[in-house]
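Peer 1: Got a structure here, written out as structure tokens. Questions coming.
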């Protein structure tokens, strides 16, 4: 081989190696009219957020945009951290009555439901929710793990997901119910009885990708003569304790659907990490949760959304539950209970505003800042992700959203998101 050919081979080799080197991550500077600092509970005017790749490197007033950085002008908008919804069902599309629920499980295949879920997670992301905890597939097996994986691989746009897969309930205590015993109909949960079988089910769900374990603590809600919301408890104390013990032993946390006082008490006795819905909370239960550091996801708007339809279908207690939850919420705020934003989206249609709960939370006693923190710093702590999400500061994921005006003056503005960035990628910019 002559010298010319040797030089050519060497040049091509070096060129190909240089081309194969990863490009440095892009630097972006966001110029915000105002930035809500969820950790210090203050608003920073004329803030600049600098990010590189998927992380924030600097944020605040007086921060300079690096030379060569791409600048995004949000100077007429209010910026805040990406929102977190800690109670969703991306594989469900409205659940007012038993008919709404049954039709989805009986008439839609799991692949079709997963396809619909891809649209739902995109909707959630465009609404500013960059992280979600999805609390069971409602009969769609482990399809939430597939949705999570598709998002992580970049196949579809969606929030960062934490999933609970199938959830747990005992025989005969969760839909579908009321069909002929001669028919084998789908189940909305993993039906399981007995402590040993429960431990096996927890292991199975974790094996197939569950980040959280979720179970149904109660059903059949009613108001007693003293005005307290009561319920029938599903699992025996031994069974409920087996769920929690096994999940904790394997390094996972437990969420309990618990609406009536009895179900909430049983879940707390079992040692759960979060109470979902919790309409029947009273002072004693709240004090216990505060002492133990248990979080509450109140899911307010879904109760309003389904109340009329369920009352018309023969369960008027759902209308009473709205008022009881309002009272419980005000008391929980007063006592300093850890309240995490959670909507139960999927229980209401995904065409509804996922940020609607904020208005109710402020109406029922939180300040606008507290409501925003419920979906940022508090929600991040619930997930054990406080070092990565929930605030706009150096080192955290570049999850940033923006709205046209100040949500501390009008919280409902969060229902109209104008800018959405997740992990440094802009998904919405109006």
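Peer 1: At pLDDT below 95 and over 30 Å from residue 118 (Cα atoms): is that true of residue 18 in this structure?
Peer 2: The answer is yes for residue 18.
Peer 1: With respect to residue 361, determine if the residue is within 22 Å of residue 280 (Cβ to Cβ), outside the structural domain of residue 87 (by TED's automatic domain parsing), buried (at least 17 other Cβ atoms within 10 Å of the Cβ) and in contact (Cβ under 8 Å) with a residue 60 or more places away in the chain.
Peer 2: yes
Peer 1: Would you confirm whether or not segment 95-118 contains a residue that is touching a strand residue (DSSP E or B) at 6+ places or on another chain (Cβ under 9 Å) and over 30 Å from residue 179 (Cα atoms)?
Peer 2: No, segment 95-118 contains no residue that is touching a strand residue (DSSP E or B) at 6+ places or on another chain (Cβ under 9 Å) and over 30 Å from residue 179 (Cα atoms).
Peer 1: Collect the residues in segment 215-247 that are within 20 Å of residue 166 (Cα to Cα) and part of a strand (DSSP E or B), keeping them in residue-number order.
Peer 2: If the condition is that a residue be within 20 Å of residue 166 (Cα to Cα) and part of a strand (DSSP E or B), then 215, 216, 218, 219, 233 are the ones that fit.
Peer 1: Look at segment 393-421 and say how many of its residues are over 19 Å from the mean Cα position of the chain (by Cα) and in a loop (DSSP other than H, G, I, E, B).
Peer 2: Total meeting the criteria: 11.
Peer 1: Something else now. Residues in segment 62-71: is at least one under 23 Å from residue 134 (Cα atoms) and touching a strand residue (DSSP E or B) at 6+ places or on another chain (Cβ under 9 Å)?
Peer 2: No, because not a single residue in segment 62-71 is under 23 Å from residue 134 (Cα atoms) and touching a strand residue (DSSP E or B) at 6+ places or on another chain (Cβ under 9 Å).
Peer 1: If you scan segment 22-52, which residues turn out to be assigned to a loop (DSSP other than H, G, I, E, B) and over 21 Å from residue 375 (Cα atoms)?
Peer 2: 22, 23, 24, 25, 26
Peer 1: Okay, moving on. How about segment 79-122: which of its residues are part of a helix (DSSP H, G or I), under 16 Å from the mean Cα position of the chain (by Cα) and closer than 30 Å to residue 312 by Cα?
Peer 2: Correct list: 117, 120.
Peer 1: Just the residues that are without any contact (Cβ under 8 Å) to a residue 60 or more places away in the chain and part of a strand (DSSP E or B), please, taken from segment 53-68.
Peer 2: 60, 61
Peer 1: Take the residues of segment 176-203 that are out of contact with any strand residue (DSSP E or B) (no Cβ under 6 Å at 6 or more places or on another chain) and in a helix (DSSP H, G or I): which is surrounded by the fewest Cβ atoms within 10 Å (Cβ to Cβ)?
Peer 2: 196
Peer 1: Moving on. Would you check if residue 163 is over 30 Å from residue 324 (Cα atoms), buried (at least 19 other Cβ atoms within 10 Å of the Cβ) and in contact with a helix residue (DSSP H, G or I) (Cβ under 6 Å, 6 or more places away or on another chain)? Reasoning before the result, please.
Peer 2: Details: over 30 Å from residue 324 (Cα atoms): no; buried (at least 19 other Cβ atoms within 10 Å of the Cβ): yes; in contact with a helix residue (DSSP H, G or I) (Cβ under 6 Å, 6 or more places away or on another chain): yes.
No; evaluated as a whole, the condition is false for this residue.
Peer 1: Among 125, 106, which is the only one that is buried (at least 20 other Cβ atoms within 10 Å of the Cβ), over 22 Å from residue 295 (Cβ atoms) and touching a residue at least 40 places away in the same chain (Cβ under 8 Å)?
Peer 2: Only one candidate qualifies: 125.
The values are calculated or read from the model by the stated rules, or taken from the named source; none is laboratory data. Everything quoted here is computed from the prediction, not taken from an experiment. Note: ideal-geometry Cβ built from the backbone for every residue, glycine included; neighbour counts use all protein chains shown.
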